[in-house]
Structure formats: structure tokens, C-alpha cells
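Participant: My structure is below; once you've seen it, I'll send some questions.
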Amino acid sequence: MQNVIFSEDIQTKLSEALASVKHDRLFVLCDDVTVRLCWPLLRDLPCLQGTEPIVIRHGDTAKTLQTLADVWTALQAGKATRHSLMVNLGGGMVTDLGGFAASTFKRGLHYINIPTTLLAQVDASVGGKTGINFGGLKNEIGVFNEADAVLIDTLFLRTLDRENLLSGYAEMLKHGLISSREHLGELLATDCLDTVAAEGTLAALLATSVGVKQRIVEQDPHEQGLRKALNLGHTVGHAFESFAMEQGRPILHGYAVAFGLVCELYLSCVKCGFPTDVMRQIVSYIREHYGTLDYSCDDYPTLFRLMQHDKKNEGDTINFTLLADVGQLRLNQTASRQEIDEALDFLRDGL
Ligand code: GLY
């Protein structure tokens with residue numbers, strides 16, 4: 001299983017992690033936000049003395065071939081070798097792009113992720129998916145290659161705004177749904193926004209949540225089967241994310257996933273007998289915390305087209321991960337156009 005380290009003392013844990021991966025040169029990748037907010041928490045470590053971070057622009061629009069080339073150029077200028085080590089300090093964009101840069105430079109150097117957003121801590125930085133956007137499509141080019149270590153510390157979440165916390169929490173709700181009623185119950189009983197004040201609560205929930213992902217990835221690292229469980233909520237969710245982007249009103253990934261979960265739980269009820277009382281609990285949590293997405297039935301053809309372009313599809317059919325109950329996966333499901341329209345109605349019209 002991937003080495004995921006939960007930290008309450010990031011300086012000590014990072015020193016230990018750096019000592020455990022033999023390397024000749026050390027590189028740190030930040031974006032223009034994490035270099036300001038997160039790097040100061042680490043830079044005084046003796047083992048980081050003399051390390052100048054490589055800084056890229058933040059945000060998904062910078063997850064490009066050009067930014068990747070800039071990182072390769074910096075690695076080349078710093079004389080990186082196959083025995084060098086890169087530390088990616090940032091959200092999912094930094095860990096995805098940095099992981100890809102490290103995996104491809106001289107056919108691969110070592111890397112450690114220090115995710116600084118809840119979304120990256122619970123999902124993006126764990127499990128070895130790396131990559132960049134290309135040709136207008138998200139994460140179109142990339143490789144599977146796990147970081148040597150992932151260091152998770154809730155310290156970094158103190159500066160996150162409400163929306164970014166909720167964005168990460170949507171992936172945690174997904175992990176609850178695909179694992180157990182017990183874990184789902186504790187997530188629903190918790191207001192994620194209160195957990196920042198109570199970091200111990202969040203850290204405990206995070207450890208369970210990341211464990212769900214680690215166990216799945218360990219069994220199916222290249223997404224041949226079981227790993228598709230992690231796609232729950234994402235077939236419709238990715239369509240919402242692209243739709244919102246096309247409309248010039250982008251939404252955070254986790255919000256799109258939360259709305260996608262509502263639609264895909266509806267499909268799970270109709271097609272797989274998922275219990276409606278559990279669905280109602282999730283839907284009210286999502287409504288209360290995430291609000292709604294603004295679209296009308298005139299947008300259904302666009303949303304359907306976007307679902308058809310999902311890279312998880314095989315041939316022309318739209319692939320869904322659904323559930324027969326909490327923790328009971330039904331992989332590789334399809335739905336008719338009418339069922340998908342009903343699911344979109346369900347999110348729009350409410351319970
Ligand atoms: N984010 C889903 C996965 O890592 O497979």
C-alpha cells in the first residue's frame with residue numbers, strides 16, 4: 001500500500017521522509033499561492049536549506065504542456081538526475097503536474113506529495129494518477145505512478161476557504177458511500193466547516209477516508225475494475241464541471257461531484273435498488289451545504305454530449321459506477337437517455 005503519512009508535526013515528518021528516500025539533489029515545486037502560504041512553514045528545515053522552489057502559476061488553467069515544460073526546464077537547469085527527489089507542495093494541480101513532471105524527466109525521478117487542500121489530501125495526491133490538461137480536455141495526458149510518500153497535515157487547511165473545504169468533503173462523502181454505513185454516518189453527522197476548528201475530528205475522518213482509497217488503489221492501481229468505484233458521482237459530475245466552465249461560471253470539482261452524486265444516487269435507486277432513505281439523507285446534506293446548480297432542460301443535450309465524452313466510457317455507451325447499497329458496488333452500469341434526463345430532473349426539482 002502507498003506510504004501515506006499522517007502528520008501533526010510536518011517539519012519532523014518531512015525530515016524523516018526526505019531521509020528515507022535516498023537522493024542526490026532536492027527540488028520543491030510550489031504554485032504562486034503555496035509558495036506564499038505553505039512554503040514558509042517548511043523552508044527553515046535544515047534539510048531544505050539552499051532549496052529555491054520552482055514556482056508555477058496556480059489553478060487548472062495553468063495545468064498545461066507549457067507549465068510542464070517550464071518544470072522540466074527548471075529540473076534540467078538544476079541538473080536533476082534519476083536519483084533526484086522532488087517535493088510537490090500544493091493542491092491537486094501541483095501534485096498532478098509535479099507528479100507527471102517527476103515521472104517523465106529522465107524517465108522518472110522520485111517524488112513526495114505534500115497536499116495542501118482537502119481535495120488533494122483525500123483524493124488527488126494519493127493513488128498515482130498524474131497528468132496535465134490537453135486539447136481542451138482535463139487530465140488528458142498522464143501516467144500512473146505513485147509518489148514515494150504522501151504527507152498529510154491538516155495544518156495546511158487552516159487557510160482554506162469554505163468552498164474549498166466543501167469541495168474536498170464531497171470526495172469524502174463518496175468514500176463513505178462506497179465503503180460503509182458507519183463511515184458514511186460519521187461524515188453526515190459532521191459539519192465539515194466545523195472540523196477546521198476541531199482539527200482532530202477532521203484528521204480522524206481524513207485517515208479513514210484516505211484508507212478507503214488506498215485499499216481500492218492497492219487492489220486495482222490501473223483502474224481495470226475495482227478502482228472504477230472511485231468514479232461514483234463523476235460521470236455526471238464531470239459533465240456539470242465542463243458545462244459550468246463552458247457557461248463561464250466555473251464551479252469547484254467537489255461541487256460538481258456533489259451534484260453528480262445526487263444524480264447517480266437517483267440512478268442507483270432506480271436501477272440497483274439503493275435504499276431511498278439513505279439517498280434522501282445524502283441529498284439533504286448536499287442541498288444544505290452545496291446549494292444547487294443552475295441549469296434547465298434546454299441544457300440536457302449539452303450535458304448528455306459531455307457525458308458521452310467522458311474518458312471512462314468504452315465505445316459509445318456512457319459508463320456509470322452505481323450502488324445497490326452503501327458499500328455495494330455495481331460497476332460498468334449504463335442508463336438510457338430517459339433515465340439520465342430523470343436524474344437531471346431530480347437534482348433540479350428536489351426531493
Ligand atoms: N480520483 C479518482 C482516482 O484516483 O481514481
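Participant: Kindly indicate the residue of region 268-316 that is part of a helix (DSSP H, G or I) and hydroxyl-bearing (Ser, Thr, Tyr) and also nearest to Gln333 (Cα to Cα) among those meeting that condition. Write out each step before concluding.
Facilitator: Residues of region 268-316 part of a helix (DSSP H, G or I): 268-272, 276-290, 297-308.
Then drop every residue that is not hydroxyl-bearing (Ser, Thr, Tyr), which leaves 268, 276, 284-285, 290, 300, 302.
Working: Ser268: 10, Thr276: 19, Ser284: 25, Tyr285: 25, Tyr290: 27, Tyr300: 20, Thr302: 21 Å.
Going through the qualifying residues, I end up with Ser268.
Participant: Determine whether region 217-224 contains at least one residue that is farther than 19 Å from Ser125 by Cβ, within 16 Å of the ligand (Cβ to nearest atom) and modelled with pLDDT under 95.
Facilitator: Taking every residue of region 217-224 in turn, at least one turns out to be farther than 19 Å from Ser125 by Cβ, within 16 Å of the ligand (Cβ to nearest atom) and modelled with pLDDT under 95.
Participant: For region 308-332, which residues satisfy the criterion of being under 23 Å from the mean Cα position of the chain (by Cα), closer than 24 Å to Leu188 by Cβ and either at pLDDT below 95 or not aliphatic (A, V, I, L, M) (or both)?
Facilitator: Hits for region 308-332 are Phe320, Thr321, Gly327, Gln328, Arg330.
Participant: If you go through region 242-287, how many residues are touching a Cys at 6+ places or on another chain (Cβ under 9 Å) and either among the aromatic types (Phe, Trp, Tyr) or free of Cβ contacts under 8 Å to residues at least 40 places away in the same chain (or both)?
Facilitator: 2
Participant: Is at least one residue of region 158-171 assigned to a helix (DSSP H, G or I) and of a type in the set (Phe, Trp, Tyr)?
Facilitator: Taking region 158-171 as the starting set, the residues that turn out to be assigned to a helix (DSSP H, G or I) are 158-159, 162-171.
Among the residues that remain, those that are also of a type in the set (Phe, Trp, Tyr) are: 169.
Yes: region 158-171 contains one or more residues that are assigned to a helix (DSSP H, G or I) and of a type in the set (Phe, Trp, Tyr).
Participant: Right, something else. For region 200-215, what are the residues that are within 15 Å of the ligand (Cβ to nearest atom) and in contact (Cβ under 8 Å) with a residue 60 or more places away in the chain?
Facilitator: Here is the first cut: in region 200-215, the ones within 15 Å of the ligand (Cβ to nearest atom) are 209-215.
Ser209, Val210, Lys213, Gln214, Arg215 - these are the residues of region 200-215 that are within 15 Å of the ligand (Cβ to nearest atom) and in contact (Cβ under 8 Å) with a residue 60 or more places away in the chain.
Participant: Further question on the same structure: What about Val143, is it loosely packed, with under 14 Cβ neighbours inside 10 Å and of a type outside the set (Lys, Arg)?
Facilitator: On the way: loosely packed, with under 14 Cβ neighbours inside 10 Å: yes; of a type outside the set (Lys, Arg): yes.
So Val143 fits the description; yes.
Participant: Counting only residues that are of a type in the set (Gly, Ala, Ser), open to solvent by 20 Å² or more (accessible area, probe 1.4 Å) and more than 19 Å from Glu163 (Cβ to Cβ), how many does region 109-135 have? Let's see the steps before the verdict.
Facilitator: Pass one, region 109-135, residues of a type in the set (Gly, Ala, Ser): 120, 124-125, 127-128, 131, 135.
Okay, now just the ones that are also open to solvent by 20 Å² or more (accessible area, probe 1.4 Å), so 124, 135.
From what is left, the residues that are more than 19 Å from Glu163 (Cβ to Cβ) are 135.
Here the count works out to 1.
Participant: Please find, among Gly78, Gly99, Gly131, Gly91, the residue that is at positive phi and of a type outside the set (A, V, I, L, M).
Facilitator: Numbers: Gly78 fails: at positive phi; Gly99 fails: at positive phi; Gly91 fails: at positive phi.
Only one candidate passes the filter, namely Gly131.
Participant: Name the single residue, out of those in region 146-155 being more than 13 Å from the ligand (Cβ to nearest atom), within 19 Å of Asp31 (Cβ to Cβ) and aliphatic (A, V, I, L, M), that is most open to solvent (accessible area, probe 1.4 Å). Before the answer, list the steps.
Facilitator: Restricting attention to region 146-155, the residues satisfying the condition of being more than 13 Å from the ligand (Cβ to nearest atom) are 148-149, 151-155.
If we keep only those that are within 19 Å of Asp31 (Cβ to Cβ) as well, we get 151-153, 155.
Filter once more, keeping what is aliphatic (A, V, I, L, M): 151-152, 155.
On the way: Leu151: 0, Ile152: 4, Leu155: 44 Å².
Per the criteria, the residue is Leu155.
Participant: Do any residues in region 293-317 that are of a type in the set (D, E, K, R) have Cβ atoms under 8 Å from those of residues that are open to solvent by 70 Å² or more (accessible area, probe 1.4 Å), where the two are at least six apart or on different chains, and which pairs are they?
Facilitator: Asp294/Arg249; Lys311/Leu137; Lys311/Glu140; Asp316/Gln308
The values are calculated or read from the model by the stated rules, or taken from the named source; none is laboratory data. Quick caveat: nothing in here was measured; it's all calculated off a predicted structure. No Cβ is skipped: glycine too gets one built from the backbone with ideal geometry, and neighbour counts run over all protein chains shown. Just the protein is used for accessible areas: all its heavy atoms, side chains included, with ligands, DNA and RNA removed. Shrake-Rupley method; radii C 1.70, N 1.55, O 1.52, S 1.80 Å.
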